[in-house]
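The structure appears below as structure tokens.
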Amino acid sequence: MKIVAILHRSAGNESVGDMWRETKVFDEITPLIEVFKWANVVVGGYDDRVGSFRGHLEITIAQE
């Protein structure tokens, strides 16, 4: 089983801007804190506290 983390990102506002998703696949034994650390690095952060990133993080199971 693989775990998929999808971080929904945006820049700008609803009238002018971009929206995209950052995605990474993790092994099922990966600690959840590592997923949060990944999300923080994706947004350019250096703080690995849980929830210190901006964006909507979705965690799901890969459909293999």
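Nothing in this text is a laboratory measurement; each read-out follows from the coordinates by a stated rule. Since the structure is predicted, the reported quantities are computational estimates derived from the model, not experimental observations. When we count neighbours, we look across all protein chains shown, and the Cβ atoms used for this are built from the backbone with ideal geometry, even at glycine.
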**OP:** Would you grab the residues whose amide H sits under 5 Å from the one on R54? Only those 5+ places off in sequence or on another chain, please, with H modelled 1.01 Å from N.
**Re:** none
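Taking R0 as 22 Å, what FRET efficiency do you get between M1 and T23 from their Cβ-Cβ distance, rounded to the nearest 0.05? Intermediate values should be presented prior to the final figure.
Values: r = 17 Å, r/R0 = 0.76.
That pair, M1 with T23, gives E of 0.85.
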